[in-house]
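Trainee: Below you will find the structure I want to go over with you.
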């Protein structure tokens, strides 16, 4: 039976010497978010809770990034072990709380696992997250009695040869009541090979007090894998990405190569989509159905409709793409762009903060910024909307059916009425009425008998 309050103690004091970085280890990123952010986000899914983060190395950097109303920080100035780190948090814990101890460098704990950990705790029991590994080298071993009940944890450096053969290991993640934690932490000594205060010693103390230790197993080994080096971070990154790729494929999307797929945020997708190699999805991305995404594309905080084709090397950032649109290759769709249904944005086109109406086309080599395009507008190659006067941004308004010839310059603020026609090579500075042709070219002169300059030889 859960208690009224839930407290999470997150250990994030380590320097991470093997990372060889001035950045605290827990701030290094995995799948686009810091490792500590992954942990905090997981805790936020279990409902209202209090987070106590134990900092040490780079404390100011960590505290600046994670300050919130439900988060408290305590500092572990001396690195004397995990039990010592948790003891720093004791003054901040609620009296009647269930406490879950987590680690800022073990980033992929799942919300469902946290729920199971919480459910395992009452006045007569606590929870311990364990897992069996083919190679348990380096981990503390779970020691069980003849009845199969957990009796203690022995660290590898303190283990006998027989105990080292045990494959079930301690992950360090545990759940217990705040009163149990307060009572038992002072009983832990540093009489061990490392001379540290091990939090794992709490298990033996719990059993001596008649408290049953419930073993909880994670759904995936990635949930309990910690990071101590950049190599380990890269390995966990790839393992995590493969899990995300598997989930995406199981939901109805084909990946050209799951090993070359990167999701750095939340991605939701319909069915019958195809994603080519080396595509990156950042932030919150929603993709409809029957979408094809070519290689080397990056989609950030955007919504993609149904039946969309995104060609190679395209970037879409904070934008909305309507059904049956075609984008790219080498297009850059910047924040604030809205592409309606059946639009076309071609190669080497850049848009920004613009609405492109149904059926409109910007085929190649153009810049359209701070603009509103009606339906069935055709923008010729090399067209530029000059939206910035050096101080302010101005809008370009193109009505339905407007045709803009190649190599045209539209100096905003400018309005072109419905079915207006801009002659190629024009610079347009004033309003163009509907059904009108605008020609803004300098007068051409042909000089007969002109001689090319000849390079002088010194």
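Trainee: Run down 458, 435, 419, 400 and say which single residue is surrounded by fewer than 13 Cβ atoms within 10 Å (Cβ to Cβ), modelled with pLDDT of 95 or more and assigned to a loop (DSSP other than H, G, I, E, B).
Mentor: Details: 458 fails: modelled with pLDDT of 95 or more; 419 fails: surrounded by fewer than 13 Cβ atoms within 10 Å (Cβ to Cβ); 400 fails: surrounded by fewer than 13 Cβ atoms within 10 Å (Cβ to Cβ).
Answer to the check: 435.
Trainee: In this structure, is residue 196 crowded, with 16+ Cβ neighbours inside 10 Å, under 38 Å from the mean Cα position of the chain (by Cα) and over 19 Å from residue 85 (Cα atoms)? Reasoning before the result, please.
Mentor: Working: crowded, with 16+ Cβ neighbours inside 10 Å: yes; under 38 Å from the mean Cα position of the chain (by Cα): yes; over 19 Å from residue 85 (Cα atoms): no.
Judged against the criteria, residue 196 is not a match.
This table checks each residue for (1) more than 21 Å from residue 83 (Cα to Cα); (2) crowded, with 19+ Cβ neighbours inside 10 Å.
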site	(1), (2)
6	no, yes
10	no, yes
15	no, no
18	yes, no
23	yes, no
26	no, yes
35	yes, yes
44	yes, no
48	yes, no
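Trainee: Let me ask something else about it. Looking for whichever is surrounded by fewer than 22 Cβ atoms within 10 Å (Cβ to Cβ) and part of a strand (DSSP E or B) here; the options are 363, 306, 290. Which one fits?
Mentor: Numbers: 306 fails: part of a strand (DSSP E or B); 290 fails: part of a strand (DSSP E or B).
The conditions single out 363.
Trainee: May I pose another question? Can you list the strands (runs of 3 or more DSSP E) lying wholly within the stretch 74-148 that have 3 or more residues being surrounded by 23 or more Cβ atoms within 10 Å (Cβ to Cβ)? Talk me through it step by step, then tell me what you get.
Mentor: Details: elements: 97-103, 125-132, 141-144.
Passing ranges, in order: 97-103, 125-132.
Trainee: Which condition does residue 174 not pass, out of (1) buried (at least 22 other Cβ atoms within 10 Å of the Cβ); (2) out of contact with any strand residue (DSSP E or B) (no Cβ under 6 Å at 6 or more places or on another chain), if it passes all the others?
Mentor: Of the numbered conditions (1) buried (at least 22 other Cβ atoms within 10 Å of the Cβ); (2) out of contact with any strand residue (DSSP E or B) (no Cβ under 6 Å at 6 or more places or on another chain), the odd one out for residue 174 is (2).
Trainee: To continue, here is another question. From the list 339, 398, which one is closer than 18 Å to residue 428 by Cα and out of contact with any helix residue (DSSP H, G or I) (no Cβ under 9 Å at 6 or more places or on another chain)? Show your work before the answer.
Mentor: On the way: 339 fails: closer than 18 Å to residue 428 by Cα.
Exactly one residue qualifies, and that residue is 398.
Trainee: For the stretch 150-165, enumerate the residues that are assigned to a loop (DSSP other than H, G, I, E, B) and surrounded by 13 or more Cβ atoms within 10 Å (Cβ to Cβ). Before the answer, list the steps.
Mentor: Here is the first cut: in the stretch 150-165, the residues assigned to a loop (DSSP other than H, G, I, E, B) are 155, 159-162.
Within the stretch 150-165, 155, 159 qualify.
Trainee: Quick one: which of 271, 337 is in contact with a strand residue (DSSP E or B) (Cβ under 6 Å, 6 or more places away or on another chain) and at pLDDT 95 or above? Steps first, please.
Mentor: Details: 271 fails: in contact with a strand residue (DSSP E or B) (Cβ under 6 Å, 6 or more places away or on another chain).
Result: 337 is the single residue among 271, 337 that is in contact with a strand residue (DSSP E or B) (Cβ under 6 Å, 6 or more places away or on another chain) and at pLDDT 95 or above.
Trainee: Assess whether residue 222 counts as being surrounded by 14 or more Cβ atoms within 10 Å (Cβ to Cβ), out of contact with any strand residue (DSSP E or B) (no Cβ under 7 Å at 6 or more places or on another chain), under 16 Å from residue 139 (Cα atoms) and in contact (Cβ under 8 Å) with a residue 12 or more places away in the chain. Please lay out each step first, then the result.
Mentor: On the way: surrounded by 14 or more Cβ atoms within 10 Å (Cβ to Cβ): yes; out of contact with any strand residue (DSSP E or B) (no Cβ under 7 Å at 6 or more places or on another chain): yes; under 16 Å from residue 139 (Cα atoms): yes; in contact (Cβ under 8 Å) with a residue 12 or more places away in the chain: yes.
For residue 222, the condition - surrounded by 14 or more Cβ atoms within 10 Å (Cβ to Cβ), out of contact with any strand residue (DSSP E or B) (no Cβ under 7 Å at 6 or more places or on another chain), under 16 Å from residue 139 (Cα atoms) and in contact (Cβ under 8 Å) with a residue 12 or more places away in the chain - is met.
The values are calculated or read from the model by the stated rules, or taken from the named source; none is laboratory data. Here the structure is a predicted model, which means the values were calculated and not measured. Neighbour counts run over all protein chains shown; Cβ positions are idealised from the backbone, glycine included.
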